[in-house]
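Visitor: One structure, pasted below without further comment.
The values are calculated or read from the model by the stated rules, or taken from the named source; none is laboratory data. Owing to the predicted nature of the structure, the values given are computational and were not obtained by experimental measurement. So basically every Cβ, Gly included, is an ideal-geometry build from the backbone, and we count neighbours across all protein chains shown.
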């Protein structure tokens, strides 16, 4: 259960009550390279927060500083209201799950999961009970006698997760733990991870560069770029209302109208974002619904990906938009025939958001996760974003 807490305009909590992790002015330099540049962040008790960004954005360095594997060049780290900035990793109530699992190959599954409890000198009977409980939680009861080499990639990942959970940490840090799995298994593990997090009720901080993972599992997402947080909010806020051009392009397909194109099509200045799945495509001359924005253009490229097709359209007004259409009644040969055709794109004005406009702060940081953009989208038909395809 996530504790509701009042946030200020920067997404920070005014008191330490209900805050699992607090970062203030966090900075990390490697020689002349600034990897993390003044990060302020509050992670709430029981929250699933994802640090999302490309390679080199600083997200993993932040995670390593929370774990104690790196010391910050400046700033402060608090866990449960206690300053742990200079404490070693073993003196912090956190556990870390790594991408490479870090299992002991010569130990059984049971012994791998039990290892941390043995180090902490937990009684034998209690160790066995907690190991059995942890393996059952990740659906690996009956696998205790196997070696890691006898398991699949997904099973090894669940062993690593059980080993971290058995110590009952207040915070679990996950460093791209699904990166080595194939697509189908990764999607399955996304659902399992979120389910396990709900069951155990502890704080998860998850690092990834995969936008679909972030949108699928998170209560909130912090988007990193060049060592700083570009935007933080619920998946719906970050996807539907990107605050910067970087966020619009990184979380989903970048669909931006600016300059002359914005003035001609939208009748206003600025840089505006429209998500591809909000745009409909029809042959030129197709009757338009009243109150719907439209823009003619030529289909420059067609990308068929099975369940959906992406149409890249050069607008007559200048600029380019991508439209995403489900293949409900079309095949690959049908959609490819659109290449070079003149078409008309249409969308509702409610789906236009100016890049750089402020997101209205809320007293409940997870309210937008439960009722995403209800005011703006009330009565609007459509499907949720497919991972920002």
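Visitor: Checking residue 147 against (1) surrounded by 14 or more Cβ atoms within 10 Å (Cβ to Cβ); (2) touching a residue at least 40 places away in the same chain (Cβ under 8 Å); (3) within 27 Å of residue 208 (Cβ to Cβ), which single condition isn't satisfied?
Guide: (3)
Visitor: Any chance you could count how many residues in segment 297-321 are surrounded by 20 or more Cβ atoms within 10 Å (Cβ to Cβ), touching a helix residue (DSSP H, G or I) at 6+ places or on another chain (Cβ under 6 Å) and over 11 Å from residue 336 (Cα atoms)?
Guide: Matching residues across segment 297-321 total 1.
Visitor: Let me ask another. Could you tell me which residue of segment 32-68 is surrounded by the fewest Cβ atoms within 10 Å (Cβ to Cβ), considering only residues that are part of a loop (DSSP other than H, G, I, E, B) and free of Cβ contacts under 8 Å to residues at least 24 places away in the same chain?
Guide: In this case the residue turns out to be 32.
Visitor: Which residues, taken from segment 69-82, are closer than 25 Å to residue 194 by Cα and not in a strand (DSSP E or B)?
Guide: The answer is 80, and nothing else.
Visitor: Now a separate question. So if I check each of 97, 131, which one is surrounded by 13 or more Cβ atoms within 10 Å (Cβ to Cβ) and at pLDDT below 90?
Guide: Going through 97, 131 in turn, just one is surrounded by 13 or more Cβ atoms within 10 Å (Cβ to Cβ) and at pLDDT below 90: 97.
Visitor: Would you point out the residue of segment 154-203, among those that are touching a helix residue (DSSP H, G or I) at 6+ places or on another chain (Cβ under 7 Å) and assigned to a loop (DSSP other than H, G, I, E, B), that is surrounded by the fewest Cβ atoms within 10 Å (Cβ to Cβ)?
Guide: 180
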